[in-house]
1. In nanometres, what is the gap between the two model label sites at His62 and Val48, each 7 Å from Cα along Cα-to-Cβ?
2. Write down the accessible area per residue of the range 2-111 in Å², having rolled a 1.4 Å probe over the full set of protein chains.
3. Quick one: in the range 49-114, what % of C-alpha pairs are over 17 Å apart?
4. What FRET efficiency would be calculated for the residue pair Trp38, His93, taking the C-beta separation as r and a Förster radius of 22 Å, to the nearest 0.05?
5. With the alpha-carbon atoms as the only input, what is the per residue convex hull volume for the chain in Å³?
6. For the charge dipole of the chain, defined by +1 on Lys and Arg C-beta atoms and -1 on Asp and Glu C-beta atoms about the Cα centroid, which residue among Pro29, Gln104, Ala45 has the Cα displaced farthest towards the positive pole?
7. Evaluate the charge dipole of the chain about its Cα centre and quote only its size in Debye, nearest 20, assuming +1 on the Cβ of each Lys and Arg and -1 on the Cβ of each Asp and Glu.
8. Keeping the other protein chains in place, figure out the carbon and sulfur percent of the accessible area of the chain, with a 1.4 Å probe.
Amino acid sequence: IRLLQIQPGSGHLDPISVKLAVYGLHDAPTYEALSYSWQDDAQDAITVNGVARFVLSKHLWHALRRLRSRNSERFIWIDAICINQKDEQEKSHQIPLMGAIYQQARRTIIWISE
């Protein structure tokens with residue numbers, strides 16, 4: 001599975017920066033899972049692995065901004081980012097694992113809105 005490592009930051013001042021890395025489900029560091037509503041709203045971008053820009057919904061962008069820690073990194077699994085949504089083969093492999101991914105998570109965070 002892929003996990004998102006949210007880099008520390010504060011409010012609107014710091015851009016959202018994340019690292020994306022692959023782990024075995026049972027070898028992954030302690031992580032949280034995020035459950036949220038997919039919305040077709042405005043988009044924003046985050047920086048992934050220091051170089052790539054990843055476009056996501058403004059709704060998810062707000063969640064990441066709120067979930068990041070001021071002082072430490074945070075591991076989190078988010079389906080829209082951790083599963084390549086453009087790769088049907090990957091989706092057909094990863095979606096059946098979602099139950100195990102949520103079970104393995106330390107906790108699941110529910111994000112409704114800002």
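The values are calculated or read from the model by the stated rules, or taken from the named source; none is laboratory data. What you are looking at is a predicted structure, and each value in this text was computed from that prediction instead of being measured. Neighbour counts run over all protein chains shown; Cβ positions are idealised from the backbone, glycine included. Surface accessibility is based on the protein's heavy atoms, side chains included, excluding ligands, DNA and RNA. Shrake-Rupley method; radii C 1.70, N 1.55, O 1.52, S 1.80 Å.
1. Taking the two extended label points, one gets 2.3 nm.
2. With the other protein chains kept in place, the range 2-111 gives 57 Å² per residue.
3. In whole percent, the share of Cα-Cα pairs in the range 49-114 beyond 17 Å is 53.
4. Values: r = 20 Å, r/R0 = 0.92.
Calculated value: 0.65.
5. In the chain, the Cα convex hull volume per residue is 107 Å³.
6. Pro29
7. Working: 13 positive and 12 negative charges, 72 e Å.
Here the size comes out at about 340 debye.
8. Percent of accessible area from carbon and sulfur atoms in the chain: 50.
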